Amino acid sequence: MRKIFIDRQNIKGEFVYIEGEDFHHLVNVLRLKRGNEIVASDGLKEYAARIEEIKKDKLILFLERELESNTESALEISLFQGLPKSDKMELIIQKCAEIGVKKFIPVVTRYTVVDITKSNINKKIARWRKISEEACKQSGRTGVPEICMPISFEEAINQVDKFDLCIIPYEKEQTSKLKEVLKKAKGVKKIGIFIGPEGGFSQEEIELALNKSIKPVSLGPRILRTETAAIAVCSIVMYELGDMG
């Protein structure tokens with residue numbers, strides 16, 4: 001059954017109003033008609049819904065009943081991703097949204113070379129949010145991850161108090177293994193993962209992270225690309241501490 005994400009502000013009693021891109025997609029692309037059924041998610045709950053009426057520029061859904069849904073993990077992963085070049089961020093968001101990441105925070109680091117002028121980044125954020133939503137539809141998630149505006153590395157590490165555990169993979173780390181750190185982290189509910197861009201983190205950034213009690217971890221003897229590291233670490237963390245596997 002088709003699935004859409006709805007804004008709770010658009011719910012009026014048992015009805016919800018669909019406009020804009022979702023209206024166009026449902027009516028003009030999928031050719032859905034009055035009486036067709038879909039699944040509607042408001043990020044917290046899912047509903048069995050029926051198309052009640054189609055107007056010129058909006059569609060009215062009737063929310064028939066709440067559905068049982070258990071696709072969101074109790075583990076809250078926030079990914080602090082050093083902004084990579086090209087379209088790598090799109091791949092990271094798509095795959096990590098499927099895995100269950102709750103929040104993406106793009107980070108400007110010393111080795112970031114991406115253009116983040118206001119007009120440029122607003123377009124990127126809009127595209128990333130669309131990619132995230134499509135990934136969540138495909139994977140059956142109830143909610144859509146939050147995608148934040150880019151922040152500096154210093155601003156990122158100042159958020160560590162919000163988490164039970166923060167880790168930062170570092171290719172020069174030799175003693176602290178990711179596997180060992182996660183074995184000692186049972187019961188953790190909120191985790192922050194810091195991934196560097198191409199070129200990784202600078203030594204100064206690692207020292208700043210250490211001063212904030214962010215744990216450096218080794219991912220083994222091989223150096224991973226930034227997009228590979230993000231997907232691999234999020235998968236491992238969700239497997240060890242979340243509901244994967």
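Looking only at segment 163-181, which residues are hydrophobic (A, V, I, L, M, F, W, C) and either on the phi > 0 side of the Ramachandran plot or over 19 Å from the mean Cα position of the chain (by Cα) (or both)?
L178, V181 - these are the residues of segment 163-181 that are hydrophobic (A, V, I, L, M, F, W, C) and either on the phi > 0 side of the Ramachandran plot or over 19 Å from the mean Cα position of the chain (by Cα) (or both).
Which condition number in (1) surrounded by 15 or more Cβ atoms within 10 Å (Cβ to Cβ); (2) free of Cβ contacts under 8 Å to residues at least 40 places away in the same chain is the one that G187 fails? Tallying (1) surrounded by 15 or more Cβ atoms within 10 Å (Cβ to Cβ); (2) free of Cβ contacts under 8 Å to residues at least 40 places away in the same chain, G187 fails exactly one: (1).
Out of the residues in segment 155-189 meeting the condition of being in contact with a helix residue (DSSP H, G or I) (Cβ under 7 Å, 6 or more places away or on another chain) and not in a loop (DSSP other than H, G, I, E, B), tell me which one is farthest from C96 (Cα to Cα). Out of the qualifying residues, it is I157.
Of the residues in segment 102-112, not one is over 18 Å from M149 (Cβ atoms), in the same structural domain as V237 (by TED's automatic domain parsing), touching a Ser or Thr at 6+ places or on another chain (Cβ under 8 Å) and assigned to a helix (DSSP H, G or I).
On the basis of being farther than 17 Å from M238 by Cα, in contact (Cβ under 8 Å) with a residue 40 or more places away in the chain and not aromatic (F, W, Y), does K124 make the cut? So K124 fails the test. Working only within segment 52-101, note down all residues that are part of a strand (DSSP E or B) and within 17 Å of the chain's Cα centre (by Cα). Across segment 52-101, the qualifying residues are E76, I77, S78, L79, F80, Q81, G82.
The values are calculated or read from the model by the stated rules, or taken from the named source; none is laboratory data. Keep in mind that what you see is a predicted model, and the values were worked out from it rather than measured. All Cβ positions, even for glycine, are placed from backbone atoms using ideal geometry, and neighbour counts span all protein chains on display.
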